[in-house]
Amino acid sequence: MVHFIGRDEESARVLLAEQGVRFVRVDAPEHDAVLVEVLGDLTQERGRVVAEPPADAEDAATGMGAWHVNAVHEFETVVDGEGIVEFITRDGVVSAHIGPGDVMAVEGAEHRYRPLTAQEWILRFAADDLGARETGRPPGPWPIP
């Protein structure tokens with residue numbers, strides 16, 4: 001289950017919702033409704049990936065570890081492993097420790113991601129490509145879960 005780092009769950013969820021971010025569980029009653037709401041009729045699995053932990057801090061600030069915004073909505077399911085995802089909100093960064101069964105729905109929010117262990121994901125997004133665009137925000141340190 002998603003665990004918010006340094007914030008209580010209620011305020012973290014409110015801040016994230018304002019940015020178009022929701023976390024649900026794969027077995028939550030609202031799972032399928034949120035999937036369709038976020039992706040419309042493009043709900044098919046686009047692939048599976050295993051994200052490996054970065055070798056060092058420099059590696060952790062590149063690719064998905066860099067602050068970025070995706071061009072399309074995404075609905076990503078964690079199958080196995082642990083990671084940290086962070087989002088920019090009106091009250092600063094909201095950090096979340098995510099693991100198996102967590103689903104992350106993102107509709108245009110600025111974020112970054114770091115696997116802590118090898119983490120398998122089911123990828124679903126609303127186009128042929130996520131269209132990730134780095135924002136240039138300085139990386140800063142990663143939180144400790």
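The values are calculated or read from the model by the stated rules, or taken from the named source; none is laboratory data. Worth saying up front: this structure is predicted, and the values here are computed from it rather than measured. Please note: Cβ atoms are built from the backbone with ideal geometry, for glycine as well, and neighbour counts cover all protein chains shown. Calculation scope for accessible area: heavy atoms of the full protein, side chains included, ligands and nucleic acids excluded. Shrake-Rupley method; radii C 1.70, N 1.55, O 1.52, S 1.80 Å.
Taking the criterion of being under 24 Å from residue 116 (Cα atoms), without any contact (Cβ under 8 Å) to a residue 24 or more places away in the chain and not β-branched (Val, Ile, Thr), would at least one residue in the range 41-51 satisfy it?
Checked against the condition, which is being under 24 Å from residue 116 (Cα atoms), without any contact (Cβ under 8 Å) to a residue 24 or more places away in the chain and not β-branched (Val, Ile, Thr), the range 41-51 yields no hits at all.
Restricting to the range 112-137, name every residue that is assigned to a loop (DSSP other than H, G, I, E, B), modelled with pLDDT of 95 or more and either in contact with a Leu (Cβ under 8 Å, 6 or more places away or on another chain) or not small (Gly, Ala, Ser) (or both).
Result: 116, 117, 124, 135, 137.
Counting only residues that are outside any strand (DSSP E or B) and in contact (Cβ under 8 Å) with a residue 60 or more places away in the chain, which one in the range 58-70 is most open to solvent (accessible area, probe 1.4 Å)?
My answer is 64.
From the residues in the range 1-12 that are crowded, with 18+ Cβ neighbours inside 10 Å and of a type outside the set (Gly, Ala, Ser), which one is farthest from the chain's Cα centre (by Cα)?
7
Within the group 52, 74, which residue is at negative phi, surrounded by 15 or more Cβ atoms within 10 Å (Cβ to Cβ) and of a type in the set (Asp, Glu)?
Among 52, 74, only 74 is at negative phi, surrounded by 15 or more Cβ atoms within 10 Å (Cβ to Cβ) and of a type in the set (Asp, Glu).
Working only within the range 77-98, note down all residues that are open to solvent by 50 Å² or more (accessible area, probe 1.4 Å), assigned to a strand (DSSP E or B) and under 17 Å from residue 122 (Cβ atoms).
79, 80
Which residues, taken from the range 97-130, are closer than 19 Å to residue 71 by Cα, touching a helix residue (DSSP H, G or I) at 6+ places or on another chain (Cβ under 8 Å) and not hydrophobic (A, V, I, L, M, F, W, C)?
107, 112, 113, 124
Just to verify a result, which residue in the range 13-44, among those that are open to solvent by 70 Å² or more (accessible area, probe 1.4 Å) and part of a helix (DSSP H, G or I), is nearest to residue 103 (Cα to Cα)?
Result: 32.
For residue 140, state whether it is open to solvent by less than 40 Å² (accessible area, probe 1.4 Å), modelled with pLDDT under 95 and in contact with a strand residue (DSSP E or B) (Cβ under 9 Å, 6 or more places away or on another chain).
Judged against the criteria, residue 140 is not a match.
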